[in-house]
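Structure, as structure tokens:
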Amino acid sequence: MFTYLFFLYCAVMIVGTGLLAITMRNPVHAVLMVLVLFFHMAGLYLILGAEFLAAVQIIVYAGAILVLYLFVLFLVSLRDEVKMDRFVTSAWLGRIISVGLAVSLISMLPTFVLGQKGHWPMAAVIKATHTKALGMEMYTSYILPFEIAGLILLIAVIGGLVLAKHDTPTTIEKS
């Protein structure tokens, strides 16, 4: 009963803080909402018995990636960015795209089967430990998505550096 209530609490907090993160006007407050979201996702991993993923969620995402977001946020001149035109001028177009994405995701739910046996039955995971099973699966079956995720993160870092670069004079003033 406790795990069910804790799951409901974490699920409500994840959805709530996710909505707050995209609706807040202050970017620092939005990043803090994402921090709360990451901690609640780690709580969900603990319920599932994936202690390693919970630790990675806190150390990597809440620690490293969120600090990267804050660095980019503080390096980018927000006064110039606020004056930029929107990518999508119509709010209704964004809503239609969001509803279409939600419908496509909900339509996939019947194909999801909880506890479906795959390459790693539970006995093999217990024998090899969760971390080893995760590493073997990630670096063999899912190496292409893993590399694509690394490439996307690299592009995000380069984009942040390009946005943060200011046009400063290179000459040193002589006194």
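The values are calculated or read from the model by the stated rules, or taken from the named source; none is laboratory data. Predicted, not measured: the structure shown is a model, and the values here were computed from it. Virtual Cβ from ideal backbone geometry, glycine too; neighbours counted across all protein chains shown.
Being among the small types (Gly, Ala, Ser) and in contact with a helix residue (DSSP H, G or I) (Cβ under 8 Å, 6 or more places away or on another chain) is the filter here; which residues of segment 56-79 pass it? Step through it out loud before you land on a result.
At the first step, the residues of segment 56-79 found to be among the small types (Gly, Ala, Ser) are 62-64, 77.
Of everything in segment 56-79, just one residue is among the small types (Gly, Ala, Ser) and in contact with a helix residue (DSSP H, G or I) (Cβ under 8 Å, 6 or more places away or on another chain), namely Ala62.
Considering every residue within segment 111-118, establish whether at least one is among the charged types (D, E, K, R), at pLDDT below 80 and surrounded by fewer than 10 Cβ atoms within 10 Å (Cβ to Cβ). Before the answer, list the steps.
Start the filter on segment 111-118 by keeping residues that are among the charged types (D, E, K, R), which leaves 117.
Still in the running and at pLDDT below 80: 117.
From what is left, the residues that are surrounded by fewer than 10 Cβ atoms within 10 Å (Cβ to Cβ) are 117.
Yes - at least one qualifying residue is present in segment 111-118.
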- Note on the structure: Taking segment 47-56 and keeping only residues that are out of contact with any Leu (no Cβ under 9 Å at 6 or more places or on another chain) and on the phi < 0 side of the Ramachandran plot, one is left with Ile47, Leu48, Glu51, Ala55, Val56
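Determine which member of the set Leu66, Leu5 is of a type in the set (A, V, I, L, M) and under 16 Å from the mean Cα position of the chain (by Cα). I'd like the intermediate steps shown before the answer.
Values: Leu5 fails: under 16 Å from the mean Cα position of the chain (by Cα).
Only one candidate qualifies: Leu66.
Consider Ile152 carefully, then state whether it is modelled with pLDDT of 80 or more and out of contact with any Lys or Arg (no Cβ under 8 Å at 6 or more places or on another chain).
On the way: modelled with pLDDT of 80 or more: yes; out of contact with any Lys or Arg (no Cβ under 8 Å at 6 or more places or on another chain): yes.
So Ile152 passes the test.
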- Flagged pairs (Cβ under 7 angstrom, 6 or more apart or on separate chains; first in segment 143-162, outside the structural domain of Phe71 (by TED's automatic domain parsing); second assigned to a helix (DSSP H, G or I) and of a type outside the set (Asp, Glu)) are Phe146/Met138; Gly160/Val72
- Message: Which count do you get for residues in segment 12-27 that are more than 14 Å from the chain's Cα centre (by Cα), more than 23 Å from Val56 (Cα to Cα) and in a helix (DSSP H, G or I)?
- Response: 3
- Among (1) at pLDDT below 90; (2) surrounded by 12 or more Cβ atoms within 10 Å (Cβ to Cβ), which single condition is Phe39 missing? (1)
